[in-house]
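One structure is given here, and the rest of the page talks about it.
Bear in mind these aren't lab numbers, they're just calculated from the coordinates by the rules spelled out. If you're wondering where the values come from, they're calculated on a predicted model, not measured in any experiment. Please note: Cβ atoms are built from the backbone with ideal geometry, for glycine as well, and neighbour counts cover all protein chains shown.
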């Protein structure tokens, strides 16, 4: 039993490191080769956990080989369009100018029910309003409406607007993040002033403090010090 | 690009290590089979003391590589080979040359199987 526990921890750490090395994309929208690698690594790495008669290396070595192959293929697909097309395929236009493209639907084995479901997910119910509906290589359906049906933006309405920029989290659950403080263009003196304003003695008492480009601060104290 | 070059280098290194491993296993199993053959020859000549000594040397050599075998070889294969060593020793202690021959051939076949599993052949891959 102890062997299984130790192996599980080793395999867990190994798979996390492998996924980390493969990059953020593995956690988000997977291309075909990325999905294959993620599934294979998870499955193969678990074999030594189920049978202690299988050497641990029989699970970890394939994971390392798959990781290396994925890194090399990912770089190749990034550099060469032809390899990208071969490995990942090309996007398919399922709806064009309000018309469902039957050949593309058949080619992708995409039914009208599935199309309707995906469109509803994006709050679109009228196909005639769709300029393009594109099935991407990662399986996601992206919809572009005709210009007259797109939601109006502040720019379209000629309304005044202020770009507040990105809000940097400066204190995260009691921990001060000096890099983010610097990126926000602030310093320790500014932080001390903000904390004093809120009658807080230390960053450890703060659950969340963020500041954006315009200087607007979001502050939330930890529950036990809330007043 | 650096990550990919390292990945390529790791793949090449792992492949080289696996080829070295194949060579090592071939050498090891040939060495052990040699001791087994020696033991069987002594047994047929009636010199069971020398036969036991040869078989014991092979068994000790096999058991001394416990760390390596448990990392690289399926445990069921290791156990089968270890049992075969003790079967052979049992027949030699019983001074039964005929049965010892059978046990010895079985052991050599097991060792040959362990080596051939590692070889890069169509049969092994498929």
- At what distance in nm do the modelled label points of residue B:66 and residue A:158 sit from each other, each positioned 7 Å from its Cα along Cα→Cβ? 8.8
- Task: Compute the separation of the alpha-carbon centres of the range A:92-118 and the range B:32-69 and state it in Å as a whole number.
- Result: 71
- Query: Among A:209-220, A:155-166, how do they line up from the highest to the lowest mean number of other beta-carbon atoms within 10 Å?
  - Reply: A:209-220, A:155-166
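Would you mind ranking A:68, B:72 so that the residue whose beta carbon has the fewest other beta carbons within 10 Å leads the list? Don't jump to the answer; show the numbers that get you there.
Details: A:68 23, B:72 19.
Lowest count first: B:72, A:68.
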- Mind jotting down the distance between the C-alpha centroids of the range A:165-227 and the range A:1-61, whole Å? 39
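Determine how many Å³ per residue the convex hull of the Cα atoms of the range A:14-100 encloses.
Working: hull volume 10.6 nm³, N = 87.
Roughly 122 Å³ of hull volume per residue.
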- Item | Using alpha carbons only: equivalent-ellipsoid semi-axes of chain A, gyration tensor based, whole Å | 40, 36, 16
- Item | Mean projection area, nm², convex hull over Cα of the range A:83-163 | 7.4
- Cα pair distances exceeding 19 angstrom across chain B, given as percent: 53
- Query: Comparing B:18, B:99, B:33, which has the greatest mean-square fluctuation in the GNM of chain B with Cα pairs linked when under 10 Å apart?
  - Reply: B:18
- Task: Take the alpha carbon atoms of the range A:31-157, find their radius of gyration, then divide it by 2.2 N^0.38 Å using N residues; give the quotient.
- Result: 1.49
- Item | Debye log10 I(q)/I(0) for the range A:134-227, one point scatterer per Cα, at q = 0.14, 0.15, 0.17, 0.22 Å⁻¹ | -0.67, -0.70, -0.76, -1.02
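Would you tell me the mean number of C-beta atoms belonging to other protein chains that fall within 10 Å of each C-beta in B:1-12, as a whole number? Intermediate values should be presented prior to the final figure.
On the way: counts 3, 0, 8, 9, 3, 3, 12, 5, 1, 5, 7, 1.
For peptide B:1-12, the averaged partner shielding equals 5.
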- Under a 10 Å cutoff between Cα atoms, tell me which one of B:15, B:85, B:42 has the largest fluctuation in the Gaussian network model of chain B. B:15
- Query: What is the distance, in nm, between label points placed 7 Å from the Cα along the Cα-to-Cβ direction at residue A:80 and at residue B:105?
  - Reply: 5.4
- Take chain B, connect every pair of alpha-carbon atoms lying under 10 Å apart with a spring to form a Gaussian network, then pick out the residue of B:12, B:78, B:25 with the largest mean-square fluctuation. B:12
- Query: In which sequence would B:62, A:190 go, from the one with the fewest C-beta neighbours within 10 Å to the one with the most?
  - Reply: A:190, B:62
- Ascending count of other beta-carbon atoms within 10 Å, so fewest first, for A:22, A:1, A:57: A:1, A:57, A:22
- Task: With an 8 Å cut-off on Cα pairs and a minimum separation of 6 or more residues, tell me the relative contact order of chain B in percent.
- Result: 27
- Query: Roughly speaking, what is the stretch gain from residue A:72 to residue A:167, that is 0.36 nm per residue apart minus the C-alpha to C-alpha distance, in nm to one decimal?
  - Reply: 30.6 nm
